[in-house]
Every structure is written in structure tokens, then in C-alpha cells.
Amino acid sequence: MLPALLPALMLSAAPRAMAETVVIVNKANPATRMFSEQASQFFLGKSTMFTPVDQAEGSAIRNEFYQKVADKDAAQVKALWSKLVFTGKATPPKELKGNADVKKAVADDPKAIGYIDKSAVDDTVKVILSLP
């Protein structure tokens, strides 16, 4: 039975695996480019220059994002944030349920930074990093 399910499982994972994630900021933000290491600083509480907006916990795009920019899995990111919150050193990024919500939050806040699927980009936000 498992061999019969394998093609279906592979197909369900394929769209996310081939998707490109991009880091976005508000159009008014003066930033034009960013490196992965810089992006990770904002999403891991090491810098407050930008206000990070996160995708929903457990989502494929979130897991992929943290793996690519910080080389951390979901459990490592959660542990890091638990420590920062417990010690009062930082507040975790606001979690939103999908690309459209993240894009709107970034478009509405000049200090916001988020990540979405490249296919969701429009002229309301500016791409400063691509994560193929």
C-alpha cells in the first residue's frame, strides 16, 4: 500500500519544494538588498531595526524560510524564542496565516519585514532578498 501512496505524497510536496520564497519590506523602506544572515537577525530577535512578520507556525514556507536563512529547524527556532521571551529580551514576531496577510501587514507598516511566496508579490511591497 505504501508504494501506491508514494507518488501522491511526492506530488503534494512538489509545489512548495519548487516555490521561491522572498523577503519583503514596505515600499517606503529605503532598503534595496539584504543577505540571508541579515534577515535572520530580525526574525531571531537579534535586531530591532525592522518589525518581523512571520508565517503561521508549522507552515511549510516558515520551516523552509528558517532553514534557508538561519540553518535552524522549527524546534530550534521555537526554543530560541522561548528563551528570549522568558528572559524578557525580545518579543516574537507576529504570526499571520498566509502570504496575503503577511503582504498586507508589510504594506501597511514602513518598519515591517516579512517573507512570502514569490508568486504572491505585487506592487504593494518591495522584494529585498530571494531564497530559491
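Where a number appears in this text, it was derived from the coordinates with a stated rule and is not lab data. The structure presented is a predicted model; accordingly, all values stated were derived computationally and were not measured. In this analysis, Cβ positions are derived from the backbone assuming ideal geometry, glycine residues included, and neighbour counts consider all displayed protein chains.
Observations
- Cα-based helix-to-principal-axis angle, 99-108 vs the chain, degrees rounded to 10: 10
- Annotation for ASP122 and LYS83: the two label points, set 7 Å from Cα along the Cα-Cβ direction, are 4.1 nm apart.
- Convex hull projection area averaged over all views, the chain, Cα basis, nm²: 8.7
- Helix 2-18 axis, angle to the chain major axis (alpha carbon atoms, nearest 10°): 30
- Between MET49 and ALA74, the simple spin-label model (points 7 angstrom out along Cα→Cβ) gives 3.0 nm.
- Folded to 0 to 90 degrees: helix 74-86 orientation relative to the chain principal axis, Cα: 30
- Per residue, the chain reaches -14000 deg cm²/dmol at 222 nm when only DSSP H runs of four or more residues are counted, each adding -39500 (n - 2.57).
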